[in-house]
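The values are calculated or read from the model by the stated rules, or taken from the named source; none is laboratory data. All of these numbers come straight from a predicted model, not from anything done at the bench. Cβ placement follows ideal geometry from the backbone for every residue including glycine, while neighbour counts extend to all protein chains displayed. Areas reflect the complete protein model, heavy atoms only, side chains present, ligands, DNA and RNA absent. Shrake-Rupley method; radii C 1.70, N 1.55, O 1.52, S 1.80 Å.
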Amino acid sequence: MIAEAVQLFGRVDGLVANAGLTIEEPFLEMTAEMPDLMWRVNQRGAALSAQAAARAMVAGGHGGSIVLMGSNHARSSLAGYEGYAGTKAALAAMGRAMAWSLGPHGIRVNTLATGLTETGAMAAALHRDPALRPGFAAAHATGRWNSADEVAAVAVFLLSDAATALSRAEIIADQGMSARLGRFAG
């Protein structure tokens, strides 16, 4: 993907490593395959795509910006999300180290930790069970969750020249959800 982008556009200036898989499962019932699958998608996939983008940026000699798509579960989580929370916490830690590894090359690395976001999967869950809607809304200080466009706007900001002061930052964009996540029993 990165090689194709370089071929089409001549360079890579930014990357949003946005892949995520959540498997909610009681910790005592979690199989070995569940965290392995989440690790491959959530952490390994982000690491390898970020590495490929960083290599292209270094080769181009122009720097750039990498945004790792994290989760508020890296800081505050719930029972049943141990595997997911672990992979997203790993992304935050990896981003902090990458900022130091890539900073000398003019590459900024930040983590964007989101909460509930209106994705296709979430829309499908709400369609299957509309009774989830009030609990989801109540879990947020604003009474609503993120739209995909809102999350994209924060990612675009982190990629932009307006965010050149930020590297190794962990931006939490969750409508206040993580301030109360430990109490949510949705």
- request: Mind ranking H62, H140 by accessible surface for me, highest first, 1.4 Å probe?
  value: H62, H140
query: In whole Å, how far is the Cα centre of the range 137-153 from that of the range 39-114?
result: 22
task: Would you tally the net charge around S147, using a Cβ to Cβ cut-off of less than 14 Å, leaving S147 out, and scoring K and R as +1, D and E as -1?
output: -3
query: Using a basic spin-label model with each label point 7 Å from the Cα along Cα→Cβ, how many nm lie between A165 and A79?
result: 4.3
message: Probe of 1.4 angstrom, ligands and nucleic acids ignored: what's the accessible area per residue over the range 1-88, in square angstrom?
response: 54
statement: Measuring from its Cα centre, the range 5-62 shows a charge dipole (+1 at each Lys and Arg Cβ, -1 at each Asp and Glu Cβ) which, in debye to the nearest 20, is 520
field: Accessible area of S49 in the full protein assembly, 1.4 Å probe (Å², nearest 10)
entry: 30
- prompt: When the label point is put 7 Å from the Cα of E24 along its Cα-to-beta-carbon vector, which residues of the range 67-91 have a backbone N closer than 19 Å?
  reply: 71-89
task: Measure nothing but the geometry: give the 0 to 90° angle between the long axis through the Cα atoms of 148-159 and the longest principal axis through the Cα atoms of the chain, rounded to 10°.
output: 30
message: Compute, for the chain, the length of the dipole vector about the Cα centre, with Cβ point charges of +1 (Lys, Arg) and -1 (Asp, Glu) only. Units Debye, rounded to 20.
response: 400
